[in-house]
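One structure is given here, and the rest of the page talks about it.
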Amino acid sequence: ATPAILAKAFDVQSVRNDFPILHQEVNGQPLVYLDNAATTQKPNAVIDAISDYYRNINSNVHRGAHSLSDRATEAFEGARETVAEFVNSPKKAQIIWTRGTTEAINLVAHSWGRSNIGAGDKMLVSTLEHHSNIVPWQMLAEEKGASVVPIPISSAGDIDLVAFDALLDATVKMVSVGHVSNALGTVNPIEYIVASAKNVGAKVFVDGAQAVAHFPVDVQSLGCDFYGFSGHKLFGPTGIGVLWGKEELLNAMPPYHGGGEMIESCSFAGTSYNTLPYKFEAGTPDIAGAIGLAAAINYLNQFDRGAIAQHEQDLLVYCHLLAEKCKGLKRVGEAKNIAGVFSFLLDGAHPSDVGMLLDQQGVAVRTGHHCAQPLMEALHIPGTVRASFSIYNTREDVDRLFSALEKVKSFLV
Ligand code: PLP
């Protein structure tokens, strides 16, 4: 059967029933959870998979010493296979477990960066980036005498592609951009960015932290060199994430951490390293995390991803409609293509006060600079209020947000 035939109809109410945390009151009001860009909630399938692992399988992997260890290894390596299929990786050995997106970027900055970046080289990052896609490159630049150059954006929050192309020359060795901006929701044109970067021989890292939960990602059709994401923003547990890389690049890269599992043989005369992916996975990995992440992907895979994207776009369109009618509200970020995020300011009100008063009414949003201070600086604002959507949000959640905002205005404005 094709995936389309297998796909379960997307019914938001039944999806909500899969997420136990949503059914509670916060500050005396039914919870409206709109902080999904920070982290998503977990369905029963994920909670049960983690609990089942610790109840029935817990054992260290790759030791092959006994049957439980074999079962743990099988589940752990099966999870890698699930992730490989999820991003359409040619091989499962190209899936490296990390603690999250942050560690995926640091791994590449350390390992690939230290052997490929030299004095005078440039690394381009967009002005939209999360700090975790800026600071590791800055640390590398400082060590090597290289520089990190920001790619400008328009006032709407789109990457300025003309300016990007103008920045490209033979000194640019890495272009690292988010697939989706966590602060504004901008979906970046990765295929274009990759094609331009390739013209000057630069590698491309795509930070997929905010993309994978919203639409299917195919690393082969994107054409990027590296792709990273976090399990916890994809309905999986915290502490687990993924680095995907092109095989020839990963093979040529030196290890990141040293320790158990990452060696082929170790002696005081010299140590040789393991093959992919183990070369990059020193120490006992987050076994339960990997299994939990695979459960999250299997959960998501039961649905038609197109229907999910449609549902989330519907929520955004509805949100933008109500925003137009909300006096004193100013949207921040009006890019051509937005996924999952509604960022805004209220005239005369500080974002953190708005967030606190929304919380008192049971509406959870994020306020501040969203770990994107250079972006806030470029937009000349201290921060925003950010409502971010996921598969279990409803139009009623959007209604609750806007009726709560009317109350906020009556207090603050
Ligand atoms: N990149 C983006 C775009 C993000 O939104 C985040 C988290 O908010 C990160 C990277 C860092 O992810 P993590 O903290 O899971 O490593």
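Return the residues of region 115-143 that are within 16 Å of the ligand (Cβ to nearest atom) and in a helix (DSSP H, G or I); say none if nothing qualifies.
If the condition is that a residue be within 16 Å of the ligand (Cβ to nearest atom) and in a helix (DSSP H, G or I), then HIS131, SER132, ASN133, VAL135, PRO136, TRP137, GLN138, MET139 are the ones that fit.
Mind checking which helices (runs of 4 or more DSSP H) fall wholly inside region 1-106 and carry at least 2 residues that are over 23 Å from GLY362 (Cβ atoms)?
3-6, 44-52, 67-86
Could you tell me whether region 171-192 includes any residue that is near the ligand (Cβ under 10 Å from one of its atoms), buried (at least 24 other Cβ atoms within 10 Å of the Cβ) and hydroxyl-bearing (Ser, Thr, Tyr)?
Checking region 171-192: at least one residue is near the ligand (Cβ under 10 Å from one of its atoms), buried (at least 24 other Cβ atoms within 10 Å of the Cβ) and hydroxyl-bearing (Ser, Thr, Tyr).
Are any of the residues in region 265-288 within 16 Å of PRO43 (Cα to Cα) and either away from the ligand (no atom under 16 Å from the Cβ) or modelled with pLDDT of 95 or more (or both)?
yes
Among the residues of region 332-362, which ones are farther than 17 Å from VAL413 by Cα and either under 23 Å from the mean Cα position of the chain (by Cα) or without any contact (Cβ under 8 Å) to a residue 24 or more places away in the chain (or both)?
Within region 332-362, VAL332, GLY333, GLU334, ALA335, LYS336, ASN337, ILE338, ALA339, GLY340, VAL341, PHE342, SER343 meet the criteria.
Might you check whether a residue that is farther than 25 Å from VAL204 by Cα, in contact (Cβ under 8 Å) with a residue 12 or more places away in the chain and either surrounded by 20 or more Cβ atoms within 10 Å (Cβ to Cβ) or among the polar types (S, T, N, Q) (or both) occurs anywhere in region 246-260?
Scanning region 246-260, I find no residue that is farther than 25 Å from VAL204 by Cα, in contact (Cβ under 8 Å) with a residue 12 or more places away in the chain and either surrounded by 20 or more Cβ atoms within 10 Å (Cβ to Cβ) or among the polar types (S, T, N, Q) (or both), so the answer is no.
Would you tally the residues in region 83-114 being among the charged types (D, E, K, R) and under 23 Å from GLN138 (Cβ atoms)?
3
Confirm whether HIS110 is within 16 Å of the ligand (Cβ to nearest atom) and open to solvent by 20 Å² or more (accessible area, probe 1.4 Å).
The answer is yes for HIS110.
I need the full set of residues from region 88-107 which are aliphatic (A, V, I, L, M) and within 16 Å of the ligand (Cβ to nearest atom), in order please.
ILE96, ALA104, ILE105, LEU107
Is there a residue being crowded, with 23+ Cβ neighbours inside 10 Å, small (Gly, Ala, Ser) and away from the ligand (no atom under 11 Å from the Cβ) anywhere in region 145-166?
Looking through region 145-166, at least one residue is crowded, with 23+ Cβ neighbours inside 10 Å, small (Gly, Ala, Ser) and away from the ligand (no atom under 11 Å from the Cβ).
Of all residues in region 305-342 being open to solvent by less than 60 Å² (accessible area, probe 1.4 Å) and among the basic types (Lys, Arg), which is modelled with the highest pLDDT?
The qualifying residue modelled with the highest pLDDT is ARG331.
I'd like to check something: does region 195-204 contain any residue that is within 16 Å of the ligand (Cβ to nearest atom) and either more than 23 Å from ASP121 (Cα to Cα) or charged (D, E, K, R) (or both)?
Checking region 195-204: not a single residue is within 16 Å of the ligand (Cβ to nearest atom) and either more than 23 Å from ASP121 (Cα to Cα) or charged (D, E, K, R) (or both).
Do the conditions hold for PHE235, that is, is it more than 11 Å from the ligand (Cβ to nearest atom), in contact (Cβ under 8 Å) with a residue 12 or more places away in the chain and over 30 Å from ALA282 (Cα atoms)? Give the steps one after another, and end with the answer.
Details: more than 11 Å from the ligand (Cβ to nearest atom): yes; in contact (Cβ under 8 Å) with a residue 12 or more places away in the chain: yes; over 30 Å from ALA282 (Cα atoms): no.
The answer is no for PHE235.
The values are calculated or read from the model by the stated rules, or taken from the named source; none is laboratory data. Nothing here was measured: the structure is a model prediction, and the numbers come from that model. Here Cβ is always computed from backbone atoms with ideal geometry, including for glycine, and neighbour counts include all displayed protein chains. Please note that ligands, DNA and RNA were not included when accessible areas were found on the heavy atoms of the full protein model with its side chains. Shrake-Rupley method; radii C 1.70, N 1.55, O 1.52, S 1.80 Å.
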